[in-house]
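The values are calculated or read from the model by the stated rules, or taken from the named source; none is laboratory data. Nothing here was measured: the structure is a model prediction, and the numbers come from that model. For neighbour counting, all protein chains shown are included, and Cβ atoms are generated from backbone atoms with ideal geometry for every residue, glycine included. Quick note on the areas: whole protein, heavy atoms, side chains included, nothing else; ligands and nucleic acids left out. Shrake-Rupley method; radii C 1.70, N 1.55, O 1.52, S 1.80 Å.
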Amino acid sequence: MKSPILVVLAAGGAVAVAGLCWLDGTSWAWAGKPSPDASPIYGVRIPAGYRDWTLVAPAQEAAPLDELRATVGNRDALKAYRANSLPFPDGTVLVKLAWKHIPSPDLAPASIPGAATTVQVMVKDSKRYAATGGWGFGRFIDGKPVDRAQHETCFACHAAHVKDRDYVFTRYAP
């Protein structure tokens, strides 16, 4: 005969797990409670350890933004890029870091990153984000997600310009 305490603990554990939802391919949050560090609409968060991920490509954004950018990807992203395989598999996470573009104080023709501007995150989950090409989006300033109105523009821009590349702007830099 099973102990009533074990049955109660097992049932409670099942309910607790059922209350969890996948946020960004790297972490969980309680369903029904918006996380202050998750993007509105998509629930995407800045993934832990992303600064140790592999560089996909650098970029320079012209005026009016005047930014230097670097996109890094998790293992799933890099495997797909290296195999030149689209669409990206579920579990792919891309993170774009951006900084103001300023002249180097050490070498006149060189540019260096200045103040950080944004961190942008794309998470591939074809079921959860079916309405947006399989991608969830997050845009963050100072580690905090920007407002809903800014997130409403993400997919439309990607769909208008790079639908044929699985909605991803960044090309792999050899």
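Quick check on my link table: of Lys79/Lys144; Lys79/Lys100; Lys96/Lys127, which ones sit more than 27 Å apart, alpha carbon to alpha carbon? All intermediate terms of the calculation are to be shown ahead of the outcome.
On the way: Lys79/Lys144 29 Å; Lys79/Lys100 30 Å; Lys96/Lys127 23 Å.
Lys79/Lys144; Lys79/Lys100, as the Cα separations exceed 27 Å there.
What length, rounded to one decimal in nm, is gained on full extension from Ile102 through to His161, with 0.36 nm per residue of separation minus their alpha-carbon distance? Display every interim value, and only then the final one.
Values: separation 59, 0.36 × 59 = 21.24 nm, distance 2.79 nm.
Length gained between Ile102 and His161: 18.5 nm.
Check cross-link reach from Lys124 to the aspartates and glutamates: straight Cα distance under 20 Å, and skip same-chain residues fewer than eight apart.
Filter leaves Asp24, Asp37, Asp52, Asp76, Asp90, Glu152, Asp164, Asp166.
Report the FRET efficiency, 1/(1 + (r/R0)^6), for Ala173 and Ser111, where r is their Cβ-Cβ distance and R0 is 22 Å, rounded to 0.05. It would help to have the intermediate numbers written out before the result.
Working: r = 17 Å, r/R0 = 0.77.
Working from the Cβ atoms, E equals 0.85.
Between Val146 and Ala59, what is the FRET efficiency for a Förster distance of 22 Å, r being their Cβ-Cβ separation, to the nearest 0.05? Walk me through the numbers before you get to the answer.
Details: r = 20 Å, r/R0 = 0.90.
Result of the calculation: an efficiency of 0.65.
Is the C-alpha gyration tensor of the stretch 105-164 telling us rounded, prolate or oblate? Criteria: a/c under 1.5 is rounded; beyond that, a/b larger than b/c is prolate, otherwise oblate.
Details: a/c = 2.90, a/b = 1.99, b/c = 1.46.
Here the stretch 105-164 falls in the prolate category.
What net charge do the residues around Asp37 carry, taking every other residue with its C-beta under 9 Å from that of Asp37, with Lys and Arg at +1 and Asp and Glu at -1? Let's see the in-between values first.
Details: positive: Arg45, Lys144; negative: none.
Result for the local shell: +2.
Carbon and sulfur atoms: what percent of the 1.4 Å accessible area of the stretch 125-174 do they account for?
53 percent
Kindly report the accessible area of the stretch 111-174 per residue (heavy atoms of protein chains, probe 1.4 Å, no ligands, DNA or RNA), in Å².
Each residue of the stretch 111-174 exposes 55 Å² on average to a 1.4 Å probe.
What shape does the stretch 27-109 have by the C-alpha gyration tensor, where a ≥ b ≥ c are the square roots of the eigenvalues, rounded means a/c under 1.5, and otherwise prolate means a/b greater than b/c and oblate the rest? Each step should come with its number before you reach the end.
Working: a/c = 2.50, a/b = 1.44, b/c = 1.74.
Oblate is the answer for the stretch 27-109, as a/c is 1.5 or above yet b/c matches or exceeds a/b.
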